[in-house]
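Here is the structure we will look at.
Just so it is clear, none of the values below were taken in a lab; they were calculated from the coordinates. Since we're looking at a predicted model, the values are computed, not measured. Every residue, glycine as well, gets a Cβ built from its backbone with ideal geometry; the counts of neighbours run over all protein chains shown.
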């Protein structure tokens, strides 16, 4: 597999991971709005959503910053304060990792 093909595959994988995480995050945001959230506050979830949406937009447009200039933070929030068994947390961390590997 050539470097270009590998890069395209990583971008596709990152897009899929981001889409999965965004869908799960939207569900958790709605649950939180009605008082049934399990992992965080509405404000924190909304901030993560905006951050993840920005990452997904970069992947969609192909306008990725250099890897050293890509914003970080989702994984740290999840690992520092969310329940260890959070499926949403796992999806968010996977999406962030895939974004940095794209």
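Key figures
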quantity: Residues satisfying the stated conditions in region 23-38, i.e. surrounded by fewer than 19 Cβ atoms within 10 Å (Cβ to Cβ) and in contact (Cβ under 8 Å) with a residue 24 or more places away in the chain; calculated: 24, 38
quantity: Looking only at region 1-15, and only at residues there that are free of Cβ contacts under 8 Å to residues at least 40 places away in the same chain and in a helix (DSSP H, G or I), the one that is nearest to residue 75 (Cα to Cα); calculated: 12
quantity: Residue 90 vs. criteria surrounded by 12 or more Cβ atoms within 10 Å (Cβ to Cβ), under 10 Å from the mean Cα position of the chain (by Cα) and part of a helix (DSSP H, G or I); calculated: yes
